[in-house]
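Below you'll find the structure, written out as structure tokens, and then a few comments.
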Amino acid sequence: MSMSVLLVSLTGAWLRAAVLGGFQRSAALGGTIPKSHDGSVNILLMGLDSRRDNQGHDLPAAMLDKLHAGSSSDVGGYNTNTLILLHVPADGSPATAVSVPRDDWVSIPNLGWHKIKEAYGRAKAAEEAALAKAGSGPTGDALEAAGREAGRAAAIAAVQGLLNVPIDHFAEVNLAGFYDVAVALGGVTVCLNKAVQDDYSGADFPAGVQTLDGSKALAFVRQRHGLPGGDLDRTRRQQAFLAAVQRKLSDDGVLTDVGRLSGLIGAVKRDVVVDDSFDVLSLISKAGSLKAGRIQFHTLPIEGFATHDGEDVNLVDPAKVRAAMKAYLSDAKAGPGKVAAFSGNAGETRQASVARAGLAALPQSDGTASDGTTEDGIACVN
């Protein structure tokens, strides 16, 4: 064996050991969730809006200050404010990322009808209450861990039940994850249609193309106040962030630079929980073959808005959602799409809809949710 081959082999073995031994693992995916059998991979990305780390401990005050996320650890609860299903085909076709709006009103197994974002927190609370009532269950960190496993399982089941597609893996990222990814990559580049300013999230950006550091990146993905589409525009911000990360990984050669890849892995693994069979390096190798712009982004359709238990919710038709999923995946196999293309509900804002009719069907968009792309192929969003 030549020295170069030996070095490559040792480097690969070291990276695999570092990844497999570094991420927190979860058994929440279980054996009841359907899996893909055609070589493709479906990964559910879940972003928690909790001000706590993966062990349930309060994030440091200095970190919360950087995140512009408030000082109380109970703000944000355990809602999954980001739910994205990433489909990576086996044949090298463009990957597809489908966002599930967090306020979709769905039936959550064993918990009743709620916003889909609440499946995690409600199941976590129910599990912890049941264990505490039993009197002989875990306490402290062990109780937190048991509750989170129940929360993950419920969130996965809720999404799978709505979309009716296999889920092969999942990755859960906490609030600090967006910050750490942007820092590790040296910033991410996005484009805004108009200048924005929002005291709630800390967003204060000019119009046009700009590179965001960690704090600004988090503010970018968290803003919903002051945007014409509210949460739907925030969903597109999340998609734009993922597109920016994918471009950075591809254009800067991060995936082929051992040092930078090691730094990226080290930065994110403290913020991420993955299922116990997820080979992260295998995904990285597949992602590396995707050129910038070969991820197609979609947002699931909604039928209108309503109020339940005093909260605004999105009404959805599960049959239409599942039909949309089939169409998104079929379109991906048909060939490359637009660079970082976004599709979904263009429609009117919640405020306009409620003011007009209390409950209104939204027109479905077959175009992009942006005003076009820049010369560098970056889609601009609100």
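The values are calculated or read from the model by the stated rules, or taken from the named source; none is laboratory data. Because the structure is predicted, anything quoted here is derived from the model rather than measured. FYI the Cβ positions are ideal-geometry reconstructions off the backbone, even for glycines, and counts take in every protein chain you see. Please note that ligands, DNA and RNA were not included when accessible areas were found on the heavy atoms of the full protein model with its side chains. Shrake-Rupley method; radii C 1.70, N 1.55, O 1.52, S 1.80 Å.
For the condition aliphatic (A, V, I, L, M), open to solvent by less than 30 Å² (accessible area, probe 1.4 Å) and closer than 15 Å to Ala379 by Cβ, what is the one hit in Ala207, Ala243?
Working: Ala207 fails: open to solvent by less than 30 Å² (accessible area, probe 1.4 Å).
The conditions single out Ala243.
Quick one: what pairs do we get from region 136-150, first residue under 18 Å from Ala119 (Cβ atoms), second among the charged types (D, E, K, R), C-beta under 7 Å, 6+ apart or different chains?
Pairs that qualify, where the first residue is under 18 Å from Ala119 (Cβ atoms) and the partner is among the charged types (D, E, K, R), are Ala146/Glu127; Gly147/Lys124; Gly147/Glu127; Gly147/Glu128; Arg148/Lys124; Ala150/Lys124; Ala150/Glu127.
Of everything in region 92-141, what is closer than 24 Å to Pro166 by Cβ, of a type in the set (Val, Ile, Thr) and at pLDDT below 95? Give them in sequence order.
Across region 92-141, the qualifying residues are Thr96, Ile108.
For Ala129, indicate whether it is assigned to a helix (DSSP H, G or I), open to solvent by 50 Å² or more (accessible area, probe 1.4 Å) and not aromatic (Phe, Trp, Tyr). Working first, answer last.
Values: assigned to a helix (DSSP H, G or I): yes; open to solvent by 50 Å² or more (accessible area, probe 1.4 Å): yes; not aromatic (Phe, Trp, Tyr): yes.
So Ala129 passes the test.
So Ala176 ticks every box in (1) crowded, with 22+ Cβ neighbours inside 10 Å; (2) farther than 15 Å from Thr82 by Cβ; (3) modelled with pLDDT under 95 but one. Which box is left unticked?
Answer for Ala176: the failing condition is (2).
Name the single residue, out of those in region 41-57 being within 17 Å of the chain's Cα centre (by Cα) and part of a strand (DSSP E or B), that is surrounded by the most Cβ atoms within 10 Å (Cβ to Cβ).
Leu48
Tell me which residues, restricted to region 175-215, are without any contact (Cβ under 8 Å) to a residue 60 or more places away in the chain and of a type in the set (D, E, K, R).
Those that are without any contact (Cβ under 8 Å) to a residue 60 or more places away in the chain and of a type in the set (D, E, K, R): Asp198, Asp199, Asp204, Asp213.
For a quick check of your reading: which strands (runs of 3 or more DSSP E) sit entirely within region 146-232 and have at least 1 residues that are among the charged types (D, E, K, R) and over 15 Å from the mean Cα position of the chain (by Cα)? Don't jump to the end; show me each part of the working.
Values: elements: 169-173, 188-192, 196-198, 203-205, 208-212.
The strands (runs of 3 or more DSSP E) meeting that bar are 196-198, 203-205.
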